[in-house]
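Just below is one structure, and these are the notes that go with it.
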Amino acid sequence: MGAALTRRRGAFVGHSKPGPPTGWHTIDRMDVAQGSGDRRLLRGARSRKAVTRHAVDIASSEGLYGLSFGRLAEDLSISKAGIQTLFRTKEQLQLATLEEARVVFVDAVIRPALTAAAGTDRLRALLDRWIDYAAAPLLPGGCFWSANLAEFDSRPGPVRDALRENRQQWLALLADQLMTAVHNGEIAPLDPDLVAFQIDAFLNATNIALRLGDPDSVSRVRRLLDGLLAPPDRAPQSTSETR
């Protein structure tokens with residue numbers, strides 16, 4: 001069982017290293033620019049950060065297709081030409097927005113959860129943070145990924161690939177913590193990939209319910225998650241390992 005704790009997918013390897021897991025590691029472009037000592041690069045990095053952070057807010061409710069150079073220029077009171085210089089094409093703007101959404105998600109959900117012990121504690125911390133991220137909400141449209149996966153799931157290309165990669169890494173992180181919880185004897189034996197899939201489906205359904213004005217969906221999803229993560233002597237039959 002110990003050897004199984006390392007995911008073969010390679011997205012999230014190890015349980016005790018500080019900072020976000022390898023698959024979610026990001027570099028702050030502003031830090032890079034500051035290190036270079038080039039004020040022009042620093043200004044460009046700050047402008048890029050401001051544009052992409054606002055773009056994340058828009059795309060969380062209107063989708064990545066709702067982004068345009070003109071809309072961003074008007075909202076931020078900067079020139080459309082300046083934004084075009086930063087991103088060149090709409091696809092590049094969408095990809096940069098995806099990367100910024102990833103940074104937001106890591107900072108709000110993943111990084112804080114890493115202070116909890118690997119296994120059930122960390123998994124519960126991840127799920128609690130995700131629920132707060134969608135319910136508060138941190139972004140106007142709730143979960144950025146839920147809003148955009150449905151828009152691009154049938155549109156092949158770099159944007160779809162980036163969305164798929166982020167989803168796969170999230171599922172791998174959940175499955176990794178489920179395997180650790182089983183190894184620690186905190187939950188009953190189960191199929192980690194199946195249960196990670198179930199958890200992700202519950203969370204996406206909750207995000208939709210919240211957007212439709214159903215605040216009770218939070219308590220419902222918490223009850224479902226409690227059932228999935230129950231100790232071995234109270235685990236429901238549906239989470240038992242598939243034979």
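The charge dipole of the range 111-243, taken about its Cα centre with unit charges on the Cβ of Lys, Arg, Asp and Glu (plus for the first two, minus for the last two), comes to roughly 200 debye. The string of couplings for the range 191-207 from the Karplus curve (6.51, -1.76, 1.60, θ = phi - 60°) is 8, x, 5, 5, 5, 4, 4, 4, 4, 4, 5, 4, 5, 5, 5, 5, 4 Hz, one whole number per residue in order, with x for Gly and Pro. Each Lys and Arg Cβ is given +1 and each Asp and Glu Cβ -1; about its Cα centre, the range 132-175 then shows a dipole of about 100 debye. What a 1.4 Å probe finds exposed on the range 78-182 is 50% carbon and sulfur by accessible area, rounded to a whole percent. For the range 85-243, the relative contact order is 22 percent, taking Cα pairs closer than 8 Å that sit 6 or more residues apart in sequence and dividing their mean separation by the residue count.
For the range 52-163, what is the charge dipole size about the Cα centre, in debye to the nearest 20, if Lys and Arg each add +1 at the Cβ and Asp and Glu each add -1 at the Cβ?
Values: 12 positive and 14 negative charges, 39 e Å.
That gives a dipole near 180 debye.
Once the Cβ-Cβ distance of Asp214 and Ser79 is raised to the sixth power relative to R0 = 45 Å, the FRET efficiency obtained is 0.60. The amide H of Ile78, built 1.01 Å from its N in the peptide plane, has no neighbour under 5 Å, considering only residues 5 or more places off or on other chains. With the simple model of a label 7 Å out from the Cα in the direction of the Cβ, Glu165 to Arg223 spans 4.0 nm.
Sorting 63-70, 202-209 by average packing, meaning the other beta carbons within 10 Å per residue, from highest down gives 202-209, 63-70.
The values are calculated or read from the model by the stated rules, or taken from the named source; none is laboratory data. Computed from a predicted structure; not experimentally measured. Because the Cβ atoms are built from the backbone with ideal geometry, glycine has one as well, and the counts that use them run over all protein chains shown. Keep in mind that these areas ignore ligands, DNA and RNA; they rest on the heavy atoms of the full protein, side chains included. Shrake-Rupley method; radii C 1.70, N 1.55, O 1.52, S 1.80 Å.
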